[in-house]
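Report on the following structure.
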Amino acid sequence: MAKKILLFVSGNIGQEAEEYICPDGTVVQGGLTNEAPVKYLLKTYPNVQELICVVTPEAKNAYQELKKRLNMVATGLSYVEVPFQESMSIEQCLPGIMENIKQNDEILLETTGGFRNAVMYMMLLSRLLLYVDSPIVQAVYSRRPAPGKQGSIEDVSKIIRLFDLINGMQELSSFGSVRTLRQYYGQAPEDARIASFLESMEQLNESILLCRVKQISENLKNFQTSLIELKNCSDPIMQALLPAFRKKFNGKLKTIDLIRWYLESDMLPQALTLYTEKIPERILGKNRPLETREGQSPWRVKPEHAYRDEATDELLENVFMLSWKSQKINPYQTEKSHGKYKQDWYPWTLKHLKKLLPNEQYDVNCSMEKLHQILCDYLYIKALRNLTNHASETVDSFKKEQEEYLCEQGYPALNDVTLPQVKKIMFKALARLSTIR
């Protein structure tokens, strides 16, 4: 790891030395365009080892003069000349620069000099340096003095770092990651609203990826609250970027909106987990497709199922088991517990749904056809989630009768389903649920 100064050499030469006031209040002198800002960087960072200088034919003489003057104030410097002509494309120039920068080198940018569009090259270089993990420690620009006055060396590091903020919001929108935003704001952002937002996003992702089901609802609520409060943060750039992020959720953030965002961003494990664990709340409840009749006792989760939410447990242990509990349906013509897994009864419940519902426990608030489709969606997506969470499993772990029944309903075989098909199935399932109050 080494500190290096990167600059585009300006061809101006023959100017008298002028004074420039630096960001730290000290004064440096320089007659060449690059001279004063580079002297400031050398004074501030005495352990600089190398200057990478992009030099056009017109700037050759200025480059030699610059080296001569810098060697008078600093010793042990090495210089790398990267030849450049304005007729060259940026693709031809960049390799000569980047081959002299190693991972974890710390870069100081001097942005004053160079040809007409050198600033655009600097912007691109700042992105490349981020990609190769070579941080920009400081970026400076020199402002020429007015007659009889001092010039100034401006610290423009914040402008360069704003690209990190923009990239961070893009990373968040596309992948749900706050890694770059953490690097930009640090582990303890000064604005409490920004700190709360980053922490809530991290906690939500963690609870979903690690299947901490009991924490998902609380973390989702915290994220919703922090996203609303973020619009009052003190960072005007964040405020400007926030509406585009909120638009991902149509201005709101409910479970279905979050699952849809995960799918659009190709975050399939998060989408499958959130659907499996939280969608039962959209199926069971007041004004939901299945509503417990008045006077019926609420469902109680058994101690061995304490890891589940109540709605998920009720759906799997009661609704899908109606064929097992009903005297009307006995597909095996044996005792109910005779060598069968409880999941074997799921397809029988779906096959005979019209005989089983409504009943003394549940009212049905949608068509039976729609309820049947919603339950099939859930069973299929739950199977997909189980298979993705246990990569060694095959369809054999998913009961054969469930597989056959769902394939009859038009779902792809689990061993053959493709990612585009999974996303299409889930988008359709979400669309069906979105029409429910």
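This table checks each residue for (1) part of a loop (DSSP other than H, G, I, E, B); (2) more than 30 Å from LEU209 (Cβ to Cβ); (3) at pLDDT below 85.
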| position | (1), (2), (3) |
| --- | --- |
| ASP344 | no, yes, yes |
| THR349 | no, yes, no |
| ASP363 | no, yes, no |
| HIS372 | no, yes, no |
| CYS376 | no, no, no |
| TYR380 | no, no, no |
| ASP396 | no, no, yes |
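Restricting attention to the stretch 27-50, which residues are of a type in the set (Ser, Thr, Tyr) and in contact with a Lys or Arg (Cβ under 7 Å, 6 or more places away or on another chain)? The answer is TYR45, and nothing else. Taken over the stretch 166-186, the criterion of being part of a helix (DSSP H, G or I) and of a type in the set (Ser, Thr, Tyr) is satisfied by SER173, SER174, THR180, TYR184, TYR185.
Here PHE163 passes the criteria (1) among the aromatic types (Phe, Trp, Tyr); (2) assigned to a strand (DSSP E or B); (3) farther than 21 Å from ASN34 by Cα except the one numbered (2).
Scanning the stretch 198-253 for residues that are surrounded by 14 or more Cβ atoms within 10 Å (Cβ to Cβ) and outside any helix (DSSP H, G or I) returns CYS211, ARG212, CYS233, ASP235, LYS248, PHE249, LEU253. Right, ILE153: surrounded by 14 or more Cβ atoms within 10 Å (Cβ to Cβ) and modelled with pLDDT under 85 or not? No.
Selection of the stretch 344-377 for residues being of a type in the set (Lys, Arg) and closer than 17 Å to GLN409 by Cβ yields LYS351, LYS354, LYS370. Name the residue that is nearest to ARG282 (Cα to Cα), counting only residues in the stretch 409-437 that are modelled with pLDDT under 95 and of a type in the set (D, E, K, R). Going through the qualifying residues, I end up with ARG437.
The condition (being in contact with a Lys or Arg (Cβ under 9 Å, 6 or more places away or on another chain), over 30 Å from PRO57 (Cα atoms) and without any contact (Cβ under 8 Å) to a residue 60 or more places away in the chain) is satisfied by just one residue among GLY168, GLY148: GLY168. MET122 meets the conditions (1) modelled with pLDDT of 85 or more; (2) assigned to a helix (DSSP H, G or I) in every case but one. The failed one is (1). If I filter the stretch 278-299 for residues that are among the hydrophobic types (A, V, I, L, M, F, W, C) and modelled with pLDDT under 90, do I get at least one hit? Yes, some residue in the stretch 278-299 is among the hydrophobic types (A, V, I, L, M, F, W, C) and modelled with pLDDT under 90. Which condition number does VAL137 fail, the rest of (1) outside the structural domain of TYR20 (by TED's automatic domain parsing); (2) surrounded by 13 or more Cβ atoms within 10 Å (Cβ to Cβ); (3) not polar (S, T, N, Q) being met? Result: VAL137 fails condition (1) only. Screening the stretch 257-266 for residues that are of a type in the set (A, V, I, L, M) and modelled with pLDDT of 90 or more and picking the one that is nearest to LEU316 (Cα to Cα) gives ILE259.
The values are calculated or read from the model by the stated rules, or taken from the named source; none is laboratory data. Everything quoted here is computed from the prediction, not taken from an experiment. When we count neighbours, we look across all protein chains shown, and the Cβ atoms used for this are built from the backbone with ideal geometry, even at glycine.
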